[in-house]
């Protein structure tokens, strides 16, 4: 199956896999710590995220019967800018310096500005490629909708990173921060290192980015479950399920963004956050009921 997927993105994924392996080695052999976390944790997280991104795009492009020149160019730009970001991140990792928001020296500022430019170009190229792919019908209605919603929400997730650049850091020599209400480098969750004492804008950014993988996987799961659950054999039911999943997913991104901006850690929600979460869960349950009603409507007609 992988043999038919887009080769440049498969190669990109292989490179990111190698970076992940090097990062794991760094975690084992390099005991340096940066802001309370192992210095090699960030390149590991980024490489794993890019692996998922690369596989998703390799699959998406393979669905097209014919690729346009524009898509080929934008794909190359996406890959090159992503590689550029990783090179900068690895450079700072080897130096034991922070890559994001770091303008402490002229060289640090140069690398951060270069990273900013690559991210802007990366987003624009991804937007163009998303429009090209989203304009096509790829498989059934449910699968096409899942891809379109995944692409759109993922683009929004990328833009949420801009919020971090608008926050004023409490540290001299830094232009931005992902922390709200706490100083960077405090206690964090395992692997993600998301703050456990204050707001962390990386949560919504991460969740939004990976809508591109989550929603098509939900569509695939619904298709597989249709073999056991007769109600899911209806295309209209699966379409409504995807709409429900997409809206719930978008609502969770909004909730985690709002929670972080209020200086609240993901795992320490207050009653207002919990109440909002309950409303989202209730909306999701209502959406599932609405989706299942499509099967009854078809039978009645």
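The values are calculated or read from the model by the stated rules, or taken from the named source; none is laboratory data. Note that the structure is a prediction, hence the values are computed from the model and not measured. Neighbour counts run over all protein chains shown; Cβ positions are idealised from the backbone, glycine included.
Structural remarks
- Scanning the stretch 190-200 for residues that are within 11 Å of residue 266 (Cβ to Cβ), part of a loop (DSSP other than H, G, I, E, B) and within 18 Å of the chain's Cα centre (by Cα) returns 192, 194.
- Where residue 151 falls short, out of the listed (1) not assigned by TED's automatic domain parsing to the domain that holds residue 18; (2) not in a helix (DSSP H, G or I): (2)
- Selected residue [touching a helix residue (DSSP H, G or I) at 6+ places or on another chain (Cβ under 8 Å), part of a helix (DSSP H, G or I) and within 24 Å of residue 112 (Cβ to Cβ)] from 83, 60, 55, 71: 83
- Condition met for residue 204 (out of contact with any helix residue (DSSP H, G or I) (no Cβ under 7 Å at 6 or more places or on another chain), surrounded by 21 or more Cβ atoms within 10 Å (Cβ to Cβ), under 30 Å from residue 177 (Cβ atoms) and touching a residue at least 24 places away in the same chain (Cβ under 8 Å)): no
- Residue 142 being touching a helix residue (DSSP H, G or I) at 6+ places or on another chain (Cβ under 6 Å), at pLDDT below 95 and assigned to a helix (DSSP H, G or I): yes
- Complete set of residues in the stretch 1-27 that are assigned to a helix (DSSP H, G or I) and over 21 Å from residue 81 (Cβ atoms): 2, 3, 4, 21, 24, 25, 26, 27
- Filter result for the condition that a residue is within 11 Å of the chain's Cα centre (by Cα), at pLDDT 90 or above and within 25 Å of residue 121 (Cβ to Cβ), over 204, 135, 214: 204
- Restricted to helices (runs of 4 or more DSSP H) entirely inside the stretch 201-301, those with at least 1 residues that are over 30 Å from residue 166 (Cα atoms) and not assigned by TED's automatic domain parsing to the domain that holds residue 49 are 211-225, 235-261, 271-300.
- Selection count, the stretch 138-152, where residues are at negative phi and either over 17 Å from the mean Cα position of the chain (by Cα) or surrounded by fewer than 22 Cβ atoms within 10 Å (Cβ to Cβ) (or both): 9
- Exactly one residue out of 256, 244 is in contact with a helix residue (DSSP H, G or I) (Cβ under 6 Å, 6 or more places away or on another chain) and within 18 Å of residue 194 (Cβ to Cβ), and it is 256.
- Filter result for residue 196 (surrounded by fewer than 21 Cβ atoms within 10 Å (Cβ to Cβ), touching a strand residue (DSSP E or B) at 6+ places or on another chain (Cβ under 9 Å) and either over 27 Å from residue 101 (Cβ atoms) or not assigned by TED's automatic domain parsing to the domain that holds residue 55 (or both)): yes
- Restricting the stretch 101-126 to residues that are touching a helix residue (DSSP H, G or I) at 6+ places or on another chain (Cβ under 7 Å) and assigned to a loop (DSSP other than H, G, I, E, B), the residue that is surrounded by the most Cβ atoms within 10 Å (Cβ to Cβ): 101
- Residue satisfying all of: in the stretch 86-99; buried (at least 20 other Cβ atoms within 10 Å of the Cβ) and not in a helix (DSSP H, G or I); nearest to the chain's Cα centre (by Cα) among these: 99
- Residue match in the stretch 250-270 (condition: modelled with pLDDT of 95 or more and more than 23 Å from the chain's Cα centre (by Cα)): yes
- If you filter the stretch 24-41 down to residues that are in contact (Cβ under 8 Å) with a residue 60 or more places away in the chain and at negative phi, you find that the one that is surrounded by the fewest Cβ atoms within 10 Å (Cβ to Cβ) is 32.
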